[in-house]
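Presented below is the structure to which this report refers.
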Amino acid sequence: MTVDSASKTPLLVVLLARLVLNTAFRIIYPFLPSIARGLNISLAAASGLVTLRMAGMMAAPFVGPAADRYSRRHTMAAALLIFALAGLLLTGTGAFAVAAVAFLFYGVAKAIYDPTVYAYLGDSVPYRQRGRIIGIVELSWSGAWLLGVPVSGFVIERFGWRAPWAFLSVLGLLAAWLTRAHLPPSRRPIEHDRGNLSVASLIGDWRGLLLRRPVIVLLSVSLFLGLANEIPFIVYGAWLETTFGLSISTLGVASLVVGLAEAAAELGASAITDRLGKRRSMLMGFAGLAVTLILLPGLAGLGLVAALAGVALMMLTFEFTIVSLLPLATELAPDMRASSLSLVVTSFSISRALGAVAGGWLWRWESIGLHATVGAVCALAAASLLWWGMADEQD
C-alpha cells in the first residue's frame with residue numbers, strides 16, 4: 001500500500017475504521033457526565049466504565065497471536081463487529097451491567113484492531129515509506145478529537161446520550177464491510193500454524209518475543225514514553241484551572257489546542273520520519289518533549305497563552321514520538337508482527353494506567369513543576385534506552 005491512486009481506497013478504509021474506533025475512545029472523557037445521567041449512576045461509577053475499557057484492552061497479548069495465524073483483514077473485520085455489538089448493547093438498554101459489558105467490548109475491539117492494522121501496514125507498505133503511511137493513518141487520532149467530539153456533542157444535545165454510540169455502531173458495521181470488501185490481502189513473511197492457539201503456544205510466542213533484545217528495549221521505551229506524557233497531562237486541566245481560574249468552556253478551547261497539536265505532529269511525522277529515520281526521529285521527539293517539560297512551569301509565569309503553548313508543544317512532541325515509534329515497531333519482529341505490536345499496545349496501556357495513578361497522587365502538592373520534572377526524567381530515560389539499546393537497529 002502506498003498513497004498513489006491505486007491504493008487510496010484501502011487507505012481511506014483504514015482511516016475510516018480508525019476514526020470510528022478512536023472517536024468512541026475519546027468522546028467518553030468530555031461526555032462522561034451525560035453518560036452517568038443517562039445510566040442514572042454517579043460520575044465515579046461512570047468512571048469505572050473507563051477502567052473496564054482499559055481492562056478490555058489488556059486482552060491485546062492474548063489476541064495478537066490470532067492475527068499472526070489468521071487473515072489480517074478478517075481479524076480487523078471481527079474487531080469492528082465486536083465494536084458494533086458494543087454500541088448496540090450500550091444504546092439498547094439503560095442497565096449499568098450491560099453498559100459495563102459494552103465498554104469491556106470496546107476495549108477488546110481496540111485491542112484486536114490496532115495491533116492487527118499496524119501489522120497489516122507492516123506487511124503491505126515498504127519500510128522506507130511506512131512512517132509516511134502510518135502518520136496519515138494516525139490522523140484518525142486527532143481527527144477523533146477535532147471532528148468526532150464536536151459532532152458527538154451536537155448529536156447528544158439533539159437526540160440524547162445514546163445517539164452517538166448508535167451512530168458509531170452503524171459506522172463500525174460499514175467499516176467492517178469495507179474492510180472485507182476493499183482491503184487487499186497482505187503478504188506476510190511467515191505463515192503460522194492456524195490450528196495452534198493453545199495456552200502453550202501463546203506462552204511460547206511471548207517467550208520467543210521477550211528473548212529478543214530490541215523487543216524488550218522498545219517495550220521499555222514505550223512504557224517510559226507513556227509515563228512522560230501521562231503524568232503531567234492527567235492534571236493539565238486542574239493546573240490551568242487553579243493557576244488561571246479557567247472556566248469549563250475555556251478548558252474546552254484548551255482541548256482544541258491539544259487536538260491541533262496532535263494533528264500537526266502526525267502530519268510532521270508523516271513528512272519527516274522516513275527521511276530522517278525512525279530511530280533518529282524518536283530521539284528528536286524525546287529531546288523536544290524533555291525540553292518542553294522542563295520549560296513548562298516557567299511558561300505559566302508568562303501568562304495563559306504561553307502556558308497553552310507549552311501544553312501544545314508537550315502534546316506535539318509526544319505524538320510525534322509515538323508516530324515515529326510505530327513504523328519502527330512494525331519491523332522488530334516481522335515474523336510475529338501482530339504479536340509484538342500487541343505487546344507494545346499493552347505497554348502503552350500499562351503506562352497510561354500507571355501515569356494516571358502517579359499523576360493523581362503527585363497532585364496533592366499541586367505543583368506542575370513536580371509533574372513536569374518526573375515526566376522529563378521519564379522522557380530522558382526512554383531516550384537513553386533507545387540510544388544504547390537499539391543502536392544497531394535499522395533506521
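Observations
- Some residue of the stretch 47-60 being within 24 Å of L171 (Cβ to Cβ) and either without any contact (Cβ under 8 Å) to a residue 40 or more places away in the chain or in contact with an Asp or Glu (Cβ under 7 Å, 6 or more places away or on another chain) (or both): no
- So F83, is it in contact with a Leu (Cβ under 9 Å, 6 or more places away or on another chain), surrounded by fewer than 21 Cβ atoms within 10 Å (Cβ to Cβ), assigned to a helix (DSSP H, G or I) and among the aromatic types (F, W, Y): no
- Verdict on A264 being part of a helix (DSSP H, G or I), modelled with pLDDT of 75 or more and not assigned by TED's automatic domain parsing to the domain that holds W145: yes
- Criterion violated by A176 - all others in (1) of a type in the set (A, V, I, L, M); (2) under 26 Å from the mean Cα position of the chain (by Cα); (3) at pLDDT below 95 satisfied: (3)
- Among residues of the stretch 11-30 that are buried (at least 19 other Cβ atoms within 10 Å of the Cβ), those with a Cβ under 6 angstrom from a residue that is part of a helix (DSSP H, G or I) and among the charged types (D, E, K, R), sequence gap 6+ or separate chain, pair up as L21/K110.
- Among the residues of the stretch 86-101, the ones that are surrounded by fewer than 22 Cβ atoms within 10 Å (Cβ to Cβ) and of a type outside the set (V, I, T) come to 8 in all.
- Residues in the stretch 357-372 that are crowded, with 18+ Cβ neighbours inside 10 Å and under 21 Å from A287 (Cβ atoms): I368, H371, A372.
- Only one of the numbered conditions (1) free of Cβ contacts under 8 Å to residues at least 24 places away in the same chain; (2) closer than 19 Å to L223 by Cβ; (3) of a type in the set (A, V, I, L, M, F, W, C) is not met by A358, and that is (1).
- Some residue of the stretch 320-336 being surrounded by fewer than 21 Cβ atoms within 10 Å (Cβ to Cβ) and at pLDDT 95 or above: no
- Of all positions in the stretch 310-318, none carries a residue that is out of contact with any helix residue (DSSP H, G or I) (no Cβ under 6 Å at 6 or more places or on another chain) and either part of a helix (DSSP H, G or I) or small (G, A, S) (or both).
The values are calculated or read from the model by the stated rules, or taken from the named source; none is laboratory data. Remember, it's a predicted structure, so these values are computed and weren't measured experimentally. Positions of Cβ are backbone-derived with ideal geometry, glycine not excepted, and every protein chain shown enters the neighbour counts.
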